[in-house]
Amino acid sequence: MTYYPYMKKITTFFLLIVFFTTYSCLDRIDFQVPGKERETIIIQGKLAFGSPSRAEAQITKLFDFTASSVTPIDVRSCVLVDEDGNTKSLERTDRNTYEAIIFAADPEMTIEFGKQYMMRVETFDGRTFESSLEVLDDVPQPESLSIEYFDRNDSVGIANPWLRLGISTPTVLSDGSPARLRWDIQEVARVTDSPVSRNPNNPIEPTTCYVFNTLDNTRVVLIDGEEFSGDRVDNLQIVESPIKTTYREGVYLNVFQESLSRDAFEYWENVSDVISREGSMFDPPAGKIFTNFKNIKDPVEDEIFGYFYASSQKVIRTYISPEDLGNPPKFCPPPTQGQNPGRTCNLPPVCCDCAALANSVTERPLWWIE
C-alpha cells in the first residue's frame, strides 16, 4: 500500500491558519461578507503524476474570516480538466477531501508532461470555481539524503534530541531548463502495540503496524534553479524535527520532490513569506496569499482562496534504525504504573490497537528494507 501524504495532512494545513491569522497584523478591515449563499470557499488542489497519477483536493468553507471557522463543505462536483477539455471527476473520500486515481490507460484522460490541467468545483448554491491552467513538468531525481542529530537544548538541562534532514539534487530538468523545487516529507514509523486482555490467561497477540504521517515543518523550503550558477544543490537543509518516541522500532523518512510552475512557485513563496514573519517592525507588511481560482459566473472579492497546481513527484528515502538512536526501549508498552489490567486498554491509542489508527497499515511496505 502506498500512502500519499499531501491530502491527509491538508486537514490541518498550516497555511490556512497562517493566512487568516495574518489579518491580525493589519489595520482592521471591515469585509462586506455576503449571505449564506456566498460563503467563502477554500480549495487546495493538486495533480501528482505517477503510476498511477492522483488528483486531490481539500475543500472547506469559511464563515467569518477566522481560522476556527474553517469547516468541510459538500460540493456538487470537483473535476480535473485538461487543456483539451477532457474531464475526470474526483470522488469524496473524507469529510473535506476529494480524489481521483488516474491510470496510464484511463479512457477519460491521459496525464502527460507538457500538458496543462486545471480544477473546476461546483457548489450547491450555483457557483462554479475554476483554477488557471497549470503545466505538468517532470522533476529531477534527488540523489541523496543526509541526517544530522543534535541536542536542541545545547546540552543544557534535559536533552532534547532533534534531527536535520538535508538533500542533494540536480536543479535542472531533463531538457536542461532550471527547475523550481519544493518538498513534502513523510515519516513512516514501525510500532508494535501491546493490547491489554480482560483475561490475563488469554493474552491478545500484539500487532506490528507501519504508521504514516506527514512530518511537521515550520518553514517552506523552495529552490529556484534560475538563481543558481550551477546545476545542483548539495546537502540543502529541508527540515528540522524532534526525534519522536514512536521512532524506537525504526522509521523511514520519505521525501517527495516536486517541480513547480512559475506561478505555483510564487504561491509557495507567498506562503513562505507569511510563515517566516517574526512580527518585527522590519518585516514587510502582511498580505493576502493570492489564488489561481476564480468564480467564472459572478466573481465576488475574497469569496475564494487556495491554489491548484500540477507536478511530478520523485521520492527518495532514508532509514533511521533503533541503533542510530542508541537502542532505546520500545514505545509500547509504556511504563505500567497506573495501568488497570481489568480494562480492555488504557494505554496510548497506538499501543492499544495500532491497526485502528488513521494512516496505519499492518502490511510492511515493499520499500521497507532494514
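Every number in this text was worked out from the coordinates using simple rules, so none of it is lab data. These figures come from a predicted structure and were not determined experimentally. A quick note on method: Cβ atoms are made from the backbone with ideal geometry, for glycine too, and the neighbour counts reach across all protein chains shown.
Between ILE101 and SER321, the simple label model (points 7 Å from Cα in the Cβ direction) yields a spacing of 3.4 nm. Restricting region 74-131 to GluC sites (Glu not before Pro) that sit in a DSSP loop and have at most 15 other Cβ atoms within 10 Å of their own Cβ leaves GLU83, GLU108, GLU112. Among the GluC sites (Glu not before Pro) in region 134-177, those located in a DSSP loop and surrounded by at most 12 other Cβ atoms within 10 Å of their own Cβ are GLU143. For region 161-252, the set of trypsin sites (Lys or Arg not before Pro) satisfying both a DSSP loop assignment and a count of at most 11 other C-beta atoms within 10 Å is given as ARG198.
Each residue of region 314-330 was assigned a 3J(HN,Hα) from its phi angle through the Karplus expression (A = 6.51, B = -1.76, C = 1.60, θ = phi - 60°), giving 10, 10, 9, 10, 9, 10, 10, 8, x, 4, 4, 9, x, 6, x, x, 5 Hz with x at Gly and Pro. With R₀ set to 35 Å, the beta-carbon distance separating ARG364 from ARG164 gives a calculated FRET efficiency near 0.80. For the pair SER146 and PHE124, label points projected 7 Å from Cα toward Cβ lie 5.4 nm apart. Length available on full extension from LYS297 to ASP231: 0.36 nm per residue minus the Cα-Cα distance, which gives 19.3 nm. Radius of gyration (Cα atoms) of region 156-254, expressed as a multiple of 2.2 N^0.38 Å: 1.60. Ordering MET109, SER146, TYR98 by the projection of their Cα atoms onto the charge dipole of region 81-163, which places +1 on the Cβ of Lys and Arg and -1 on the Cβ of Asp and Glu, puts TYR98 at the extreme positive end. If R0 equals 45 Å, the separation of the Cβ atoms of ASP273 and ASN346 corresponds to a calculated FRET efficiency of about 0.50.
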